[in-house]
There are 2 protein chains.
Amino acid sequence: MRNDKEMWKKLGLDVELHQEILESIERNFKEQVLSQKNRPADMAYFDMAIKNAHCARVKEIIDRKNNGAKFIGTFCIYVPEEIVLALDAIPVALCGGTSLSIPYAEKTFPRNICPLVKSTLGLSFSRTCPYAPIKDMAVGETTCDAKKKTWDVLSKKVNFHVMEVPQKKEAKDKELWYEEVLNFKGRLEELTAKKLESEKLSKTTQLMNRKRRALQNLQSYRKASAPAISGMDSLVVMQAALNDDPERFCQKLEQLNEELGRRIKDGTSVADKKAKRVMISGCPSVMGNWKIHNLIESAGAVIVCDETCTGTRYFENLVAEENGSLEQQLKAISDRYLKISCSCFSPNEERMSNVLRLAKEYQVDGVVQYILQYCHTYNVEAINIASALKKEGIPNIKIETDYSEEDAGQLKTRLEAFLEGIESENAKR
Amino acid sequence: MRNDKEMWKKLGLDVELHQEILESIERNFKEQVLSQKNRPADMAYFDMAIKNAHCARVKEIIDRKNNGAKFIGTFCIYVPEEIVLALDAIPVALCGGTSLSIPYAEKTFPRNICPLVKSTLGLSFSRTCPYAPIKDMAVGETTCDAKKKTWDVLSKKVNFHVMEVPQKKEAKDKELWYEEVLNFKGRLEELTAKKLESEKLSKTTQLMNRKRRALQNLQSYRKASAPAISGMDSLVVMQAALNDDPERFCQKLEQLNEELGRRIKDGTSVADKKAKRVMISGCPSVMGNWKIHNLIESAGAVIVCDETCTGTRYFENLVAEENGSLEQQLKAISDRYLKISCSCFSPNEERMSNVLRLAKEYQVDGVVQYILQYCHTYNVEAINIASALKKEGIPNIKIETDYSEEDAGQLKTRLEAFLEGIESENAKR
């Protein structure tokens, strides 16, 4: 701990405020995550990964930087990690999930943009993000208006690269995205003063696919009629996935999956047999933000699937492991990433059908459309999602909220009513 | 009037509610536009064009439809009107500027999206838009999150075409946009069952350039040290430009320009010599919305330039009049439209430098950044614009507002303080 404080001080952080924010996050983590009953023993590693995010993980990255590695901050799962890793660089998602940093963003940025963007900015502006001072480059994208324009402001002060995610998925858009992947590669090669090698990219592609497979396996234990892991714990694993060293993460997740496999055999479930099976669909819940998962699972339901960026969108679809040229490998990477079905595309039948497919596959009783406040794309797309679900007879509710606890009581009431409504609908059948 | 009512009834409008909305718009028009002193006599035509927007203009379009023309509703100035006109179709901007229709949109759409989108939707949903039932196709684009996702919802019910406006302006983006222009042409050819002809496109390109030149000329009379026309009246002309028949519009505007030329010679100005010269920069003010222009000019300032979609963005840059192939003509059109400097691009140094250039060219004393509520792109970009202006010593203020009159008092106070601040700054020099 003393060593951590020394490190934060060296990084120029506001150590006092940083301490305050960390304590608040740890308090939430204790109340909302650690308090769960019947947790898998192998969650211990992931709990530690969250705890270490501002401590040991930062130190590890600094050590690697001292050995010549570059550190890349990201804000979106469209950034191809294979390429970053193949150039011996370290990708970490820098998205903020705490409300405490938001006022520091609101000093210069509009109040009515999404809490994730504001929290992220606020951590940096208030000198409470240990990653901000050590990053060699930040990589943004054009998935939403608030983020896109934020990058333009940050680019004035920080080494920044923006990837253009197209807005349709036609042939010309795939070409454009492929060019963006090439540009990204070029920019990273410049930064790292290295040339991307086919063999190395092959290995990191295999590693990322291993990570995706492990996360997909984890899903299978949620899909079971008696889920072996809570939605909250699955979220914690995902949050660690966006921060941790991928090799170590895979190893630990594979270990957890083994435990979950044993649980399935034993019939050990985290959920009551009568627990409603819920899918979350919409915006991500990044580290520090356990609010919606806590509200839903405290109400007695179990979240069996997250159709979010901290869920299926991160690990569905593998990169085809091409044995061909570097170009073919990059094409395969580009293809895989454009399959991610964010709400930023128009039209977006792909996301509609994904949501329906997942709802059926996971036999959900209801869908909670989770919208971070002022996120126009998910908020408006919720209309089409709601009507698609309604057609299939799947109940859904839209929750629009930020990171504050102010509306927790009201949301609890709404969610409980939603779950009870499902109950009585089911009883009628 | 009786004939109009008959027409609205036939179109299936809610005649009573429609009447209420029209009366409210006319009341505002009278109070905020007609009440101005020393207006050019030739504004009479444009006043009438606003008055006729739901009456004679609709009838005219129905008559042309009866003779085989198709009617195309648009929501953005990125839609190339040359192509629409060359296929004997009629383009009209369907953007709503009234607060009265907003509650009808909020029944199904989020409350926290921009008033322009909500007003437009509300007019259609409440059956008070005479254009909605007669349109053969609507054309949207991907310039902002709220609009992009709204099109996905509307596409389920209405014949809709979405043009993908790219988010960068690199070579690959220009190619993508050119393909979008070709797709648009294809879709229109299908709708009209006509083939786009080079000669016809040449003529409509000339017509649109004539319109742009006339609007540019109008600007020159605002640029004068003693502006011959108010910002409000210039806005009224622009609002008419988005609705009226282009041929007739050009003729009438050229006539107005002649009058303004005489005014300049005579030294007849609409503004006091001491009036602060203001530029509006940011979001459009569409028909029905005269709020910000009224607030600024009632406070004694004169708006000499609008860096908005109802301003320079609509008429700056001509289409190169190519004598070559249809392909070359379409390329020239595509090039011209992508020059429009909307806040949707990243990075956007182009818009920064446009704002600075215009502020200097028009010798403005201050810039009002006009942001429609929840418009993330202009709202966040306001940070970079403000700092660019500050560097040049040009005062600026950001006003974020919707269509309601609730905040008018507060805005008046803020704007007056802003103008007084300029006064005292100037006095110091």
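The values are calculated or read from the model by the stated rules, or taken from the named source; none is laboratory data. Not measured: the values here are computed from a predicted model. Heads up, the Cβs are rebuilt from the backbone with ideal geometry, glycines too, and the neighbour counts pull from every protein chain shown. Note: areas computed on protein heavy atoms with side chains; ligands, DNA, RNA excluded. Shrake-Rupley method; radii C 1.70, N 1.55, O 1.52, S 1.80 Å.
Every condition in (1) open to solvent by 10 Å² or more (accessible area, probe 1.4 Å); (2) within 14 Å of another protein chain (Cβ to nearest Cβ); (3) touching a residue at least 60 places away in the same chain (Cβ under 8 Å) is met by B:Ser155 except one, and the failing one is (3).
Give me the pairs, please: first residue somewhere in segment A:392-409 and in a strand (DSSP E or B), second residue anywhere and among the charged types (D, E, K, R), beta-carbon distance under 9 Å, and either six or more positions apart or on two chains. Within 9 Å, the pairs are A:Asn396/A:Lys390; A:Ile397/A:Arg414; A:Ile399/A:Arg414; A:Thr401/A:Lys291; A:Thr401/A:Asp407. Within segment B:202-231, can you find the residues that are open to solvent by less than 10 Å² (accessible area, probe 1.4 Å) and among the basic types (Lys, Arg)? B:Lys211, B:Arg212, B:Arg222 - these are the residues of segment B:202-231 that are open to solvent by less than 10 Å² (accessible area, probe 1.4 Å) and among the basic types (Lys, Arg). Applying the criterion of at least 3 residues that are among the acidic types (Asp, Glu) to the helices (runs of 4 or more DSSP H) found wholly in segment A:308-386 leaves A:349-361. For segment A:383-406, a residue qualifies if it is of a type in the set (S, T, N, Q), open to solvent by 30 Å² or more (accessible area, probe 1.4 Å) and facing chain B (nearest Cβ under 10 Å), and exactly one does: A:Ser387. Candidates A:Asp266, A:Asp272, A:Asp244: the one that is of a type in the set (Asp, Glu), crowded, with 23+ Cβ neighbours inside 10 Å and out of contact with any His (no Cβ under 9 Å at 6 or more places or on another chain) is A:Asp244. Only one of the numbered conditions (1) touching a residue at least 24 places away in the same chain (Cβ under 8 Å); (2) open to solvent by 10 Å² or more (accessible area, probe 1.4 Å); (3) more than 19 Å from the chain's Cα centre (by Cα) is not met by B:Glu199, and that is (1).
Within the option set A:Ala89, A:Ala69, being more than 20 Å from A:Ile371 (Cα to Cα), over 21 Å from the mean Cα position of the chain (by Cα) and aliphatic (A, V, I, L, M) holds for one residue only, A:Ala69. For segment A:167-176, the candidate set comprises residues that are facing another protein chain (nearest Cβ under 7 Å) and in a loop (DSSP other than H, G, I, E, B); within that set, the residue that is farthest from the chain's Cα centre (by Cα) is A:Lys168.
Taking the numbered list (1) under 27 Å from A:Lys291 (Cβ atoms); (2) open to solvent by 10 Å² or more (accessible area, probe 1.4 Å); (3) under 21 Å from the mean Cα position of the chain (by Cα) in turn, A:Val162 passes all entries but (1).
Going through segment B:1-46 one residue at a time, which ones are in contact (Cβ under 8 Å) with a residue 40 or more places away in the chain, charged (D, E, K, R) and in contact with a helix residue (DSSP H, G or I) (Cβ under 7 Å, 6 or more places away or on another chain)? Within segment B:1-46, B:Arg39, B:Asp42 qualify.
Of all residues in segment A:112-141, those satisfying the criterion of being within 10 Å of another protein chain (Cβ to nearest Cβ) and over 17 Å from the mean Cα position of the chain (by Cα) are A:Asn112, A:Ile113.
Here is a list of conditions, (1) open to solvent by less than 10 Å² (accessible area, probe 1.4 Å); (2) within 20 Å of the chain's Cα centre (by Cα); (3) at the interface with chain A (Cβ under 9 Å from one of its Cβ atoms), and B:Val380 meets all of them except one; can you say which number that is? So B:Val380 meets the others, but not (2). In the condition set (1) more than 14 Å from chain A (Cβ to nearest Cβ); (2) crowded, with 16+ Cβ neighbours inside 10 Å, B:Glu179 is compliant with all but (1). For B:Ile280, the test of being closer than 23 Å to B:Lys51 by Cβ and within 18 Å of the chain's Cα centre (by Cα) is failed.
Contact annotation: residue pairs with Cβ atoms under 7 Å, 6 or more positions apart or on different chains, pairing a residue in segment B:173-189 that is farther than 23 Å from B:Phe345 by Cβ with a partner that is assigned to a helix (DSSP H, G or I), are B:Lys185/B:Ile83; B:Lys185/B:Leu330; B:Leu188/B:Ile83; B:Leu188/B:Val84.
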